[in-house]
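*Asks:* Pasting in a structure now, in structure tokens, and then I'll have a few things to ask.
The values are calculated or read from the model by the stated rules, or taken from the named source; none is laboratory data. Just so you know, these numbers come straight off a predicted model, no measurement behind them. So basically every Cβ, Gly included, is an ideal-geometry build from the backbone, and we count neighbours across all protein chains shown. These accessible areas exclude ligands, DNA and RNA; they are computed on the full protein's heavy atoms, side chains included. Shrake-Rupley method; radii C 1.70, N 1.55, O 1.52, S 1.80 Å.
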Amino acid sequence: MPKYFFHVRRNDVFEEDPEGIDLASPELACEEATAAAREIVAERIRTGDPANGGAFEIMTEDGSLVATVPFRSAIHLN
């Protein structure tokens, strides 16, 4: 099963995911990133921090970029 790494980029800061997670497909990796982004945004709202900004950069073990999932894409405001 492929391993995907969920690196976080916030403005000029890049936080590398050293562990990664084994998932069956890039689609599942995007779903996992979206769920994690929701949790991050919810925690920011609870603590009164700005909820905007930041994104997951999902990469494979060989360093290929699979997708970028902005945190703001995980929530819907209507």
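*Asks:* State the number of residues belonging to region 36-78 that are outside any loop (DSSP other than H, G, I, E, B), of a type in the set (A, V, I, L, M, F, W, C) and in contact (Cβ under 8 Å) with a residue 12 or more places away in the chain.
*Replies:* The qualifying residues number 13.
*Asks:* Can you confirm whether region 17-27 contains a residue that is assigned to a helix (DSSP H, G or I), aliphatic (A, V, I, L, M), crowded, with 16+ Cβ neighbours inside 10 Å and at negative phi?
*Replies:* No, there is no match, as no residue in region 17-27 is assigned to a helix (DSSP H, G or I), aliphatic (A, V, I, L, M), crowded, with 16+ Cβ neighbours inside 10 Å and at negative phi.
*Asks:* Within region 42-64, count every residue that is on the phi < 0 side of the Ramachandran plot, modelled with pLDDT of 90 or more and surrounded by 15 or more Cβ atoms within 10 Å (Cβ to Cβ).
*Replies:* 6
*Asks:* Ok, one more. Considering only region 65-73, I want to know if a residue exists there that is at pLDDT below 95, of a type outside the set (S, T, N, Q) and open to solvent by 30 Å² or more (accessible area, probe 1.4 Å).
*Replies:* Yes, the conditions are met somewhere in region 65-73.
*Asks:* If you take the residues in region 31-41 that are within 12 Å of Tyr4 (Cβ to Cβ) and not charged (D, E, K, R), which one is surrounded by the most Cβ atoms within 10 Å (Cβ to Cβ)?
*Replies:* Step one: of region 31-41, the residues within 12 Å of Tyr4 (Cβ to Cβ) are 31-33, 36.
Pick out the ones that are also not charged (D, E, K, R) and you get 33, 36.
Values: Ala33: 25, Ala36: 16.
Looking at the filtered set, the residue picked out is Ala33.
*Asks:* So, Glu32, is that one charged (D, E, K, R) and either farther than 17 Å from Ile75 by Cβ or out of contact with any strand residue (DSSP E or B) (no Cβ under 9 Å at 6 or more places or on another chain) (or both) or not?
*Replies:* no
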